[in-house]
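Undergrad: Could you have a look at this structure, given as structure tokens, before my questions?
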Amino acid sequence: MKKMLVCLLTVFAVGLFAQGINWQTDFDEACRMSRKTGKPVFAFFTGSDWCGWCIKLDREILSKRDMVKYLNQNFIMFKADFPRRNPPSKEVMDKNWALIRKYGVRSYPTIIITDASGKVLGKTGYTEGGPSAMKKNLNRYIRHRR
């Protein structure tokens, strides 16, 4: 019985650790979700397979377990990725390029926090100091719901 319990707990723990950010790839859908939940949109503009700072941001901050939980709980997560290998469909890329122009994104990584209508609440990028520094920076965009 103990072995079975340990096995079940191990499987559960591995499942928790494997969970990642719930990325949306359609900005309009992210805004709809934002209207429904009251959470702001965290729009991440990245070159995931070639941009050194984007890779660093993902490894040092966005992939950390406590940060994943924080982001999923407090934001609707949208990613506009511009990879060199395996790019998304032309339709997705066209929409992402339109967002680049709309929001004036000039470098990667860029994070734009918007409300449900797409109005910019703030902009940031790679944040020195790890997850705690980024959380402190992002907390001003969260309406605390209890």
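The values are calculated or read from the model by the stated rules, or taken from the named source; none is laboratory data. Fair warning: this is a prediction, and the values are worked out from it, not measured in the lab. Ligands, DNA and RNA are excluded from the accessible area calculation, which covers all protein heavy atoms including side chains. Shrake-Rupley method; radii C 1.70, N 1.55, O 1.52, S 1.80 Å.
Undergrad: Given the Cα atoms of the stretch 91-146, and with Rh set as the inverse mean 1/r over their pairs in the Kirkwood sense, what is Rg to Rh to two decimals? Show your work: numbers first, answer last.
TA: Working: Rg = 13.3 Å, Rh = 12.9 Å.
When Rh is taken as the Kirkwood radius, the ratio is 1.03.
Undergrad: Determine the alpha carbon to alpha carbon distance for each of Lys69/Lys95; Lys39/Lys123; Lys36/Lys64; Lys36/Lys136 and list only those over 20 Å.
TA: Details: Lys69/Lys95 28 Å; Lys39/Lys123 16 Å; Lys36/Lys64 27 Å; Lys36/Lys136 25 Å.
Over 20 Å Cα-Cα: Lys69/Lys95; Lys36/Lys64; Lys36/Lys136.
Undergrad: In bins 10 Å wide, starting from 0, what share of all Cα pairs of the stretch 16-62 does each bin hold, as a percent?
TA: 23, 42, 33, 3
Undergrad: Rank these residues by their accessible area, most exposed first, probe 1.4 Å: Met77, Met93, Met33. Provide the component values of the computation, followed by the final result.
TA: Details: Met77 5, Met93 35, Met33 55 Å².
So, going from the largest accessible area down, we get Met33, Met93, Met77.
Undergrad: For Glu60, Glu91, give the ranking by accessible area with the largest first, probe 1.4 Å. Write down the numbers at each step before the final one.
TA: Details: Glu60 75, Glu91 120 Å².
Output order, biggest surface exposure first: Glu91, Glu60.
Undergrad: Heavy atoms of the protein only, probe of 1.4 Å, neighbouring chains included. What is the accessible area of Arg65 in Å², nearest 10?
TA: Ignoring ligands and nucleic acids, Arg65 comes out at about 150 Å².
Undergrad: Counting only the heavy atoms of the protein chains, how much of Trp50 is accessible to a 1.4 Å probe, in Å² to the nearest 10?
TA: Its heavy atoms expose roughly 90 Å² to the probe.
Undergrad: Quick one: what does P(r) look like for the stretch 18-146 with 5 Å bins over all Cα pairs, in whole %?
TA: 2, 11, 21, 26, 22, 13, 4, 1, 0
Undergrad: Further question on the same structure: Would you mind working out the accessible area per residue for the stretch 12-146, using a 1.4 Å probe, and quoting it in Å²? Let's see the in-between values first.
TA: On the way: 7900 Å² over 135 residues.
Per residue, the stretch 12-146 has 59 Å² of solvent-accessible surface.
Undergrad: Let me ask you something else. State whether the stretch 31-103 is rounded, prolate or oblate according to the following rule on the C-alpha gyration tensor (a ≥ b ≥ c being the square roots of its eigenvalues): a/c under 1.5 gives rounded; otherwise a/b larger than b/c gives prolate, and the remaining case gives oblate.
TA: oblate
Undergrad: For the stretch 27-83, with all protein chains present and a 1.4 Å probe, just round the carbon and sulfur fraction of the accessible area to a whole percent. Write out the running numbers ahead of the final one.
TA: Values: 1190 of 2500 Å².
Summing carbon and sulfur atoms, their accessible area is 48 percent of the total for the stretch 27-83.
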